[in-house]
Every structure is written in structure tokens, then in C-alpha cells.
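Contents: one structure, followed by commentary.
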Amino acid sequence: MNTTPSHAETHKKADIAEGSTGYIDEQLLPQQLIEGGGPFRRVDLTSLPGPVKYIGYMIVYGIPVLLLSLIVAVTFFK
């Protein structure tokens, strides 16, 4: 069995390695390609479908607002 990587595999690894600005561990690169398609990236909520986008906005902005409102409530109603 041929164990050398094909042209497509090496091209895909090179594209992912060049396109990312974060740290890439060469030993974990095959697992990153299999599991998630590359290293971690920031999620662009505007590119997601509507319901998923609004749930994401509620999580990203709702949790801090909830925590701040609880802090204010506990401070004033002690």
C-alpha cells in the first residue's frame, strides 16, 4: 500500500496552514483536518442561517447582559 500523501492531501494541508494565523501543531494537523477542517477559527455569525444566527446572538450578548443585570440587582437590593 502506498503511504505517501496524494497531491490533494498535501495541497489541502498547505492551504489550511497558510490560511490560518494561529498556532498549528504539525503532529496534530491530521486530526485537525479530520475533525474540524483545520485549526480553530472565529465564527462569523452573519454567514449562518437565521435561527442559528439569532440563537448565537442571544448567547453572545444575552449572557453578559444577564450577568450585569444580576450584579446590579444584587448591589441595589442587598
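Brief remarks follow.
- Test: residue in the range 8-28 that is of a type in the set (Phe, Trp, Tyr), modelled with pLDDT under 85 and either exposed (fewer than 10 other Cβ atoms within 10 Å of the Cβ) or in a loop (DSSP other than H, G, I, E, B) (or both): yes
- Annotation: ILE34 fulfils all but one of (1) among the β-branched types (Val, Ile, Thr); (2) in a helix (DSSP H, G or I); (3) modelled with pLDDT under 85; (4) surrounded by 12 or more Cβ atoms within 10 Å (Cβ to Cβ); the unmet one is (4).
The values are calculated or read from the model by the stated rules, or taken from the named source; none is laboratory data. Keep in mind it's a predicted model, so treat the numbers as computed, not measured. Every residue, glycine as well, gets a Cβ built from its backbone with ideal geometry; the counts of neighbours run over all protein chains shown.
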